[in-house]
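Following: one structure in structure tokens, then a few remarks.
The values are calculated or read from the model by the stated rules, or taken from the named source; none is laboratory data. In this text, all values refer to a predicted model and were calculated from it rather than measured experimentally. All Cβ positions, even for glycine, are placed from backbone atoms using ideal geometry, and neighbour counts span all protein chains on display.
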Amino acid sequence: MELLEKFGIDWRTLIAQAVNFLIVVVVLWKFAYKPVLKLLQDRSKRVEKSIKDAEHIEKRLQKIEATQKEMIKKAEAEGQNILKAAEVQAQEQSAAAMEKTRAEVKTVVTKAKKEIQAAKDSLLQEARKDMAHLMVQALEKVVQTKAGSQDQELIEKTLQEVYSHRKQ
Amino acid sequence: MSAAISLAAEPIFHVGSWEITNSLLTTWVVMAVIFIAVAIFRSKRLKKFPKGAQNLIETIVDFLFKNMNEVTGSTKKTLTFFPLVAGIFGFIILVNWFGLIPGVGSIGLHEIHEGKAIFVPLFRAGTADINTTLALAIVAVVATHIYGMKELGVGKHIGKFLVNPFKHSPILTGVGFLEMFGEISKIISFSFRLFGNIFAGEVLLIVVTGLVGYVAPVPFYFLELFVGFVQALVFAMLTLVFLTMSTAEQH
């Protein structure tokens, strides 16, 4: 007890100091620490979030760039393919057109040949008929007699024979 | 100049039979200063880009929060203990430093006490009185028990100290008793560490000032500023350690 007295321990002062201390704790917490602590935590959260966002954005950017490159590559390849296909088609088309013209020309030529042949044939036939007639007239003059119809037939027959002979 | 340094705080006036001591008076002054400072601080809105006082408080809060996180290891626990631990730190450091203000300990009255002329200072650092430090220590230790019971449950918390020797090993019963004495020794070490440091500091400053009045005490003032900070931090951190221990699950 003497020790307590020497240190001046008084339970009333002790309780008073405890109460004082608790009041200070409450005041400091409510009005100084709490708002500042909240502010600090919000700030660190915001910083964290912005760092995360930045990372996210960078990742997305990289992804987009990669897809862009891929798309460009794809488009290039496609373009090349289309070009090749067009070339092939053009070649095919021109070949077909050429073939068609050639065929047409051929038919025209053959047709023309046939017509020429026919004209030639008919011309020859006519000429032959004329010749036969001429010969009959010539013979009539020579013989001074009018050749009968048998004579005409005979001459024509002879001419035909001669002609076919020559043809062979 | 001879200042009789009393171990106990000196009474200034009486309220009934209760002696209001100079340390209690000083504590009230400090409280008033804290309230005014807080009121001024709160009268301005908190800004996103801190300036002045907000910067200072932010630095203190950040410093305490980081140090506490290292001890508790979890932000959740730090947040539960922050009001008490940061309050202890703030209160003790302000009371400690207030004792260093010129006038505290030197402004006083000459009184005749029991036939002898003695000097009674009007102010005395709050923590240079065992009543204050003992009150702080009791609050801190009681708080560890309250938090322990809240976290683990009343039965489990008391079970740390009272172990049934027939259920468990009798050695654990003995350990439980030792733990109980440990709680009392915690209070004693808490209160006497703080009281001893601050009281010794006051004595040191008075002695040095008595020897060489000018310049020589300056380094000692710096030393006492540092001691005031360290003691506040030690008290707060030890409280935090005890809080963490008492709320931790036992293995």
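Counting only residues that are assigned to a loop (DSSP other than H, G, I, E, B) and in contact with a helix residue (DSSP H, G or I) (Cβ under 8 Å, 6 or more places away or on another chain), which one in the range B:3-20 is nearest to A:LYS34 (Cα to Cα)?
Keep residues of the range B:3-20 that are assigned to a loop (DSSP other than H, G, I, E, B), which gives B:3-10, B:16-17.
From the residues that got through so far, the ones that are in contact with a helix residue (DSSP H, G or I) (Cβ under 8 Å, 6 or more places away or on another chain) too are B:3, B:5, B:7-10.
Values: B:ALA3: 43, B:ILE5: 40, B:LEU7: 37, B:ALA8: 36, B:ALA9: 34, B:GLU10: 37 Å.
Across the range B:3-20, the extreme among qualifying residues is B:ALA9.
The condition of being on the phi > 0 side of the Ramachandran plot and not basic (Lys, Arg) does not hold for B:GLY90. Filtering B:THR80, B:THR132 for residues that are in a helix (DSSP H, G or I), at pLDDT below 90 and crowded, with 22+ Cβ neighbours inside 10 Å leaves a single hit, B:THR132.
Yes or no, residue by residue, for (1) surrounded by 19 or more Cβ atoms within 10 Å (Cβ to Cβ); (2) more than 9 Å from chain A (Cβ to nearest Cβ); (3) not in a helix (DSSP H, G or I):
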residue	(1), (2), (3)
B:LEU46	no, no, yes
B:GLU58	no, no, no
B:ILE88	yes, no, no
B:PRO102	no, yes, yes
B:GLU111	no, yes, yes
B:ARG124	yes, yes, yes
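In the set (1) surrounded by fewer than 22 Cβ atoms within 10 Å (Cβ to Cβ); (2) more than 14 Å from chain A (Cβ to nearest Cβ), B:PHE98 fails one condition alone, (2).
Just checking, how many residues over the range A:93-146 are among the acidic types (Asp, Glu) and either under 22 Å from A:ARG166 (Cα atoms) or modelled with pLDDT of 95 or more (or both)? Don't jump to the end; show me each part of the working.
Restricting attention to the range A:93-146, the residues satisfying the condition of being among the acidic types (Asp, Glu) are A:99, A:104, A:115, A:121, A:126, A:130, A:140.
Subsequent filtering for residues that are either under 22 Å from A:ARG166 (Cα atoms) or modelled with pLDDT of 95 or more (or both) retains A:121, A:126, A:130.
Matching residues across the range A:93-146 total 3.
Inspection of the range B:192-211 identifies no residue that is touching a Leu at 6+ places or on another chain (Cβ under 7 Å) and at pLDDT below 90.
There is no residue in the range A:44-56 that is part of a helix (DSSP H, G or I), within 13 Å of another protein chain (Cβ to nearest Cβ) and buried (at least 17 other Cβ atoms within 10 Å of the Cβ). Considering the range B:61-77, the residues that are surrounded by fewer than 17 Cβ atoms within 10 Å (Cβ to Cβ) and within 15 Å of A:LYS38 (Cα to Cα) include one that is nearest to the other protein chains (Cβ to nearest Cβ), namely B:ASP62. Picking from residues in the range A:6-25 that are part of a helix (DSSP H, G or I) and either more than 8 Å from chain B (Cβ to nearest Cβ) or at positive phi (or both), the one that is nearest to the chain's Cα centre (by Cα) is A:VAL19.
Quick check, is B:LEU205 touching a residue at least 12 places away in the same chain (Cβ under 8 Å), within 24 Å of B:THR133 (Cβ to Cβ) and of a type in the set (A, V, I, L, M)? If you could, list the steps in order and put the result at the bottom.
Working: touching a residue at least 12 places away in the same chain (Cβ under 8 Å): yes; within 24 Å of B:THR133 (Cβ to Cβ): yes; of a type in the set (A, V, I, L, M): yes.
Yes: the conditions hold for B:LEU205.
Residue count for the range B:21-44, restricted to those that are within 9 Å of chain A (Cβ to nearest Cβ) and assigned to a helix (DSSP H, G or I): 13.
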